[in-house]
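The values are calculated or read from the model by the stated rules, or taken from the named source; none is laboratory data. From a predicted model like this one, the values you see are computed outputs, not experimental measurements. Here the Cβ positions follow ideal geometry from the backbone for every residue, glycine too, while neighbour counts run over all protein chains shown. Protein only, heavy atoms only, side chains kept; ligands, DNA and RNA dropped before computing areas. Shrake-Rupley method; radii C 1.70, N 1.55, O 1.52, S 1.80 Å.
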Amino acid sequence: MRVGANCPAIKERINMPNNVVVLGTQWGDEGKGKIADLLTTTADIVVRSQGGNNAGHTLVVGDKKVVVRLVPSGILHSSSLCLIGSGVVVSPEALFGEIEELKASGITDAEQRIKLSAASSLLLPVHVAIDKASELKRGKNAIGTTGRGIGPCYEDKIARRGLRIGDLYDMEIFKEKLANLLDYRNFALKNYFGAEEVSFDSIMDGIMKVRDRILAMVADVSAILADARASGKKVLFEGAQGTFLDIDYGTYPFVTSSNTVAGGCCTGSGAGPRHIDYVLGICKAYTTRVGGGPFPTELDNQIGEDIRARGFEFGAVTGRPRRVGWYDAVAMRRAVDINSLSGLALMKIDVLDGMEELCICTKYKLSDGTLSDLPPLAAYEYAKVTPVYETMPGWSESTVGVTKFEELPENAKKYIRRLEELAGVPVAIISTGPEREQTIMLIDPMA
Ligand code: GDP
Ligand code: IMO
Ligand code: MG
């Protein structure tokens with residue numbers, strides 16, 4: 001029996017939705033950071049379970065804007081514990097760089113509040129070198145990765161030659177593993193990619209500078225989560241990337257290398273699936289994508305450019321302009337199913353202010369001419385679908401900062417209700433601006 005589990009007040013809290021997942025339902029950058037930060041007002045712990053510093057989650061509080069990449073978005077709340085689970089690929093350079101940035105914006109205790117799983121993977125400069133070299137080699141078929149070494153690090157994990165945070169405890173074994181890894185990777189860098197090799201000494205120098213600091217942050221993440229559950233603490237699982245960037249369910253090979261869907265938060269943190277109470281799917285009121293790959297509703301025209309400018313759709317990590325398109329209700333149906341979504345947070349509704357007409361993709365026309373309510377699972381088919389649209393009138397009034405559903409323009413209400421109907425799950429949150437307060441909370445997933 002865990003400490004406190006017998007206390008009646010705690011038992012009561014245990015029956016509340018304590019474990020909430022926040023994840024992306026599109027191709028990333030949906031606004032997960034804003035919502036994770038907002039919900040952390042009532043969360044005790046925030047966990048990242050997959051991805052790495054390819055993520056870029058923007059948090060805006062007053063005139064302060066913070067972008068977190070590897071660090072969970074809960075870091076802005078002084079009482080929250082931030083966990084990095086076994087499914088995350090951790091670049092020490094990126095982690096400590098981010099901790100320094102946080103210090104500069106006044107968050108001085110980040111290092112003490114972040115705990116790392118010993119089983120999380122160590123992302124090293126050699127992974128960055130391989131990522132860049134493979135993108136160059138792919139030429140016109142490049143995936144458009146963030147160039148942070150994410151894919152190669154997961155490759156090494158799955159091939160069982162990767163290094164983990166826990167390997168830092170025994171430096172003799174660490175050195176042996178690193179030598180093996182570099183033997184393999186440098187052979188490819190030199191002979192296959194024709195690129196520069198990465199030296200053993202340069203990696204060791206970098207690691208030795210931060211080894212003690214990293215080890216001081218190591219903790220048993222799954223045990224912390226089990227204790228939190230027993231004592232009725234509230235835990236928020238913060239997804240990175242989005243459903244259609246998932247390695248299995250995304251538009252492969254134009255995806256990231258982790259499971260971004262809800263299941264990934266269990267395997268990547270050590271929380272069992274029965275303990276997830278609510279899965280909140282974050283989606284924009286339109287769609288964006290960074291990097292290559294199919295995007296049926298893409299607006300490669302003036303409308304797309306206008307939305308990009310109004311929504312400031314430029315990558316938080318790489319600064320690349322995001323591709324922009326209409327809302328895709330077909331893709332959303334798949335996202336609802338595979339994530340077992342409880343509700344939606346509909347973001348950036350304000351960006352659509354002033355548009356005469358809005359299109360919603362309700363079906364895909366497949367390459368054989370048949371209509372489908374669901375996206376194809378075969379990626380090569382995905383590139384061949386054409387969207388079938390229904391149109392709705394837009395609204396001329398401003399929705400910026402609206403906090404009550406009743407105060408939205410009638411046509412905005414109709415648009416939102418239609419998206420809800422098509423998704424088949426309730427819209428729990430509507431976001432009307434980047435700041436915490438610019439939010440309509442219809443259902444509080446943490447309450
Ligand atoms: P994430 O990766 O899912 O956390 O999303 P990003 O932070 O990469 O991108 C979302 C962007 O939209 C950020 O610049 C946010 O500040 C901004 N944002 C979030 N919600 C809203 C909103 O409702 N309206 C507007 N205009 N901007 C928003
Ligand atoms: P957040 O968490 C949007 C995209 C890259 C590329 C593909 C593979 O901020 O939503 P990778 O570097 O992961 O191997 O790149 O995935 N990508 C993202 N797109 N938001 C992200 O994160 C992304 N993380 C990766 O652009 O197409
Ligand atoms: Mg982002």
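Here are the numbers:
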{"item": "Residue that is nearest to Gln112 (Cα to Cα), among those in the range 38-55 that are within 13 Å of ligand 3 (Cβ to nearest atom) and open to solvent by 10 Å² or more (accessible area, probe 1.4 Å)", "result": "Asn53"}
{"item": "The lone exception for Ile214 - which of (1) part of a loop (DSSP other than H, G, I, E, B); (2) open to solvent by less than 10 Å² (accessible area, probe 1.4 Å) it fails", "result": "(1)"}
{"item": "Answer residue from the range 119-172, given it is within 22 Å of Ile84 (Cα to Cα) and among the basic types (Lys, Arg) and is nearest to ligand 1 (Cβ to nearest atom) among those", "result": "Arg148"}
{"item": "Residues (of a type in the set (Ser, Thr, Tyr) and either within 14 Å of ligand 2 (Cβ to nearest atom) or outside any loop (DSSP other than H, G, I, E, B) (or both)) located in the range 245-279", "result": "Tyr249, Thr251, Tyr252, Thr256, Ser257, Ser258, Thr260, Thr267, Tyr278"}
{"item": "Within the range 76-94, considering residues that are assigned to a helix (DSSP H, G or I) and touching a residue at least 40 places away in the same chain (Cβ under 8 Å), the one most open to solvent (accessible area, probe 1.4 Å)", "result": "Glu93"}
{"item": "So Val330, is it in contact with a Cys (Cβ under 7 Å, 6 or more places away or on another chain) and either at pLDDT 95 or above or over 30 Å from Ile276 (Cβ atoms) (or both)", "result": "yes"}
{"item": "Sole exception among (1) of a type in the set (Ser, Thr, Tyr); (2) open to solvent by less than 10 Å² (accessible area, probe 1.4 Å); (3) more than 8 Å from ligand 1 (Cβ to nearest atom) for Ser73, by number", "result": "(3)"}
{"item": "Lone unmet requirement of (1) of a type outside the set (Phe, Trp, Tyr); (2) under 25 Å from Lys414 (Cα atoms); (3) within 16 Å of ligand 2 (Cβ to nearest atom) for Gly291", "result": "(2)"}
{"item": "Yes/no for Val317 being within 14 Å of ligand 1 (Cβ to nearest atom), of a type outside the set (Gly, Ala, Ser) and not in a helix (DSSP H, G or I)", "result": "yes"}
{"item": "Residue satisfying all of: in the range 329-367; open to solvent by 10 Å² or more (accessible area, probe 1.4 Å) and assigned to a strand (DSSP E or B); farthest from Val71 (Cα to Cα) among these", "result": "Lys365"}
